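As structure tokens, the structure follows; a few thoughts come after it.
Laboratory data are not the source of any read-out in this text; all were calculated from the coordinates shown. Nothing here was measured: the structure is a model prediction, and the numbers come from that model. Neighbour counts are summed over all protein chains in view; Cβ atoms, including those assigned to glycine, are modelled from backbone coordinates with ideal geometry.
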Ligand SMILES: Cc1cc2nc3c(=O)[nH]c(=O)nc-3n(C[C@H](O)[C@H](O)[C@H](O)COP(=O)(O)O)c2cc1C
């Protein structure tokens, strides 16, 4: 199902088309597509080129998928059970060159996911990111070493049939996508003063 942005100004097609469905078809994601979406994440920019992102991926039917799925909260388990690909992004909290904290690591991991989701869209796939999972459980199940933090999960796959979703999720699936107005977000002069550009 398509749900393009109702944008006020022209934007690129990938940003316009990307959205986060909960209905996925059970068609598997080809391995070459999985490699491409991770490649897009790899080429994201990061502070001092630290590349603090690490990924754990599971394909439906394999043991990693089952473990990733088991870390999700109940709400997310209800719909993500259809997703052929589950992904966990893990951030490296310290710099590569020394033991100092990298204050940008989470920012950079978010950026890697932004690049990944646009590549996902480019491949005709959809991604739904999730904060609703147990990071503690992920650390335990995947033996994630100290200094690395599980940040978010994503369900990735082809669009599916919304009719299969539980009632509340079906409603959300077809509801219009909403955003704040640009003038609430973009300032010039003091914080809170809308920029005249908008
Ligand atoms: C970091 C992050 C965490 C999220 N956590 C969840 C989640 O646990 N469960 C869920 O159903 N959606 C989750 N979402 C999806 C958002 O609700 C969704 O991106 C937002 O409503 C905007 O919709 P759109 O992506 O379709 O434009 C999350 C998104 C992000 C970026």
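Overview of results
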item	result
Sequence ranges 168-174, 158-164, ranked by mean other-Cβ count within 10 angstrom, highest first	158-164, 168-174
Gap separating the Cα centres of region 153-198 and region 1-79, nearest whole Å	17 Å
Rounded if a/c under 1.5, otherwise prolate or oblate - region 1-82, Cα gyration tensor axes	oblate
Prolate/oblate/rounded call for region 95-142, Cα gyration tensor, a/c under 1.5 rounded	oblate
Dimensions in Å of the chain - Rg and Dmax from alpha carbons	18.1, 54
For the chain, built as a Gaussian network whose Cα springs stay under 10 Å, the top-fluctuating residue of 83, 23, 63	63
Contact order normalised by residue count of the chain, Cα under 8 Å, 6+ apart, percent	28 percent
Among 97, 188, 134, residue whose mean-square fluctuation peaks in a GNM of the chain (springs only between Cα atoms under 10 Å)	188
Residue among 18, 42, 177 with the largest mean-square fluctuation in a Gaussian network model of the chain, springs linking Cα atoms under 10 Å	177
